[in-house]
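Chemist: Below is one structure. I have some questions about it.
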Amino acid sequence: MFSWRVCHRLGEAGHKVELLFVPEGLQPAKAFIQWENKHNLSYADGIFISPVIDESVEAHLIQRKMPRILLNFPPPGANVDSVIWNVHDAMQQSARHLIAMRHRRIMYIGNPWLSRGYQLRWQAFCMTLEAAGIQAEPDSHIFEMNQPQEEWTALWKRQTETYKPTAFICASEQALTRVYLACQTTGKRIPGDYSLIGLEPEPSLRNIIPDIARPTLPVKETGYRAADRMLWRIANPSLPYEHILLQGGLHNGSTVQPAHAEEPRGKRGSS
């Protein structure tokens, strides 16, 4: 969907967009040059750099001389334009909503080291909880996402029995799917037993868990904005680089309810 929006917008302006797939493990400089030559990359008017490529490949593409648009959060000092939706703010909105619903034991689910965007999710989560007087203890959250589902469910069960969360924030589609399956396996209900917010809910899960509480990430709008930014950069190659964050709101949904009355309020403790 995201790539289609870019292609459509640039097609309207008379440009042809070609999708290139970087082979896994493309590391040596010679191999990279061969790949570039094979696809005539040096003749392109500009390149969009995907958020899902290896950081070494990303760094190489950022150094290219033609206009570049990074569809990701930029690394420090990157001489490149970037366009991405504001996941830092989305996480803050999500955590604040749970806190406003009197939740104090909020469990973060997802790998916070997967990419710069996921690092920002975790940082925003910790910042928001600590501002509310809630200590974000790493041990009380689940970062491991590579185990088979059965093993992961066992880990989830141990963590929930130990830390007794009343709400989950799922930082990715994978995290949301795993939590849903774990609840289904153990007979827990959402939101009856746990409130839940998913940052990137699978469309299929929206049919299983109706009306998931979630940030409204402006994905398609980011595609259009990136395409417009590319056209602008082609016309203005010497102007300063800009990093653009697109703002979204929060859909409250039906998967969050107030914390149970017996939960201590205003008490500083682990999340």
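Chemist: Could you tell me the number of lysine pairs in the chain with C-alpha atoms less than 16 Å from each other, where the two lysines are 8 or more residues apart or belong to different chains?
Modeler: 4
Chemist: For the Cα atoms of the chain, what angle does the longest principal axis make with the long axis of helix 149-163, in degrees from 0 to 90, nearest 10?
Modeler: Around 50 degrees separate the two axes.
Chemist: Using a 1.4 angstrom probe and counting only protein chains, how large is the accessible area of residue 188 in Å², to 10?
Modeler: Residue 188 exposes around 90 Å² with every protein chain in place.
Chemist: Roughly what angle does helix 2-12 make with the longest principal axis of the chain, taking Cα atoms, 0 to 90 degrees, to the nearest 10?
Modeler: So the inclination is approximately 40 degrees.
Chemist: Further question on the same structure: For the chain, what does -39500 (n - 2.57) per DSSP helix run (n ≥ 4), summed and divided by total residues, give at 222 nm, in deg cm²/dmol to the nearest 500? Numbers along the way, then the final one.
Modeler: On the way: 9 runs with 111 residues, N = 271.
The helix-only estimate for the chain comes to -13000 deg cm²/dmol at 222 nm.
Chemist: For a quick check of your reading of the filter: which chymotrypsin sites (Phe, Trp or Tyr not before Pro) in the range 100-162 sit in a DSSP loop and have no more than 12 other Cβ atoms within 10 Å? Write out the running numbers ahead of the final one.
Modeler: On the way: sites: 108, 113, 118, 122, 125, 143, 152, 156; in loops: 113, 143.
Loop-located and lightly packed - 113.
Chemist: With a ≥ b ≥ c the root eigenvalues of the C-alpha gyration tensor of the range 103-181, is it rounded (a/c under 1.5), prolate (a/b larger than b/c) or oblate?
Modeler: In terms of gyration-tensor shape, oblate.
Chemist: Suppose we flag GluC sites (Glu not before Pro) only when DSSP calls them loop and at most 16 other Cβ atoms lie within 10 Å. Which is the longest uninterrupted stretch of the chain?
Modeler: Formally, the longest exposed-site-free interval is 25-143.
Chemist: Let me ask something else. Per residue, how much accessible area does the range 39-168 have with a 1.4 Å probe, in Å²?
Modeler: Values: 5910 Å² over 130 residues.
Computed with neighbouring chains in place, this is 45 Å² per residue.
Chemist: To continue, here is another question. Would you please give the FRET efficiency between residue 64 and residue 154, computed as 1/(1 + (r/R0)^6) with r the Cβ-Cβ distance and R0 = 51 Å, to the nearest 0.05?
Modeler: It comes to 0.65.
Chemist: Considering Cα pairs under 8 angstrom that are at least six residues apart, work out the relative contact order of the chain and quote it in whole percent.
Modeler: After rounding, I find 26 percent.
Chemist: Please name whichever of 239, 255, 152 sits farthest to the positive end of the charge dipole of the chain, dipole taken about the Cα centre and charges placed at Cβ: Lys and Arg +1, Asp and Glu -1.
Modeler: After comparing all options, I get 255.
Chemist: For the range 53-110, take the alpha-carbon Rg, divide it by the Kirkwood Rh, and send me Rg/Rh.
Modeler: Using only Cα positions, Rg/Rh for the range 53-110 is 1.20.
The values are calculated or read from the model by the stated rules, or taken from the named source; none is laboratory data. Everything quoted here is computed from the prediction, not taken from an experiment. Positions of Cβ are backbone-derived with ideal geometry, glycine not excepted, and every protein chain shown enters the neighbour counts. All accessible areas refer to the heavy atoms of the entire protein, side chains included, with ligands and DNA or RNA removed. Shrake-Rupley method; radii C 1.70, N 1.55, O 1.52, S 1.80 Å.
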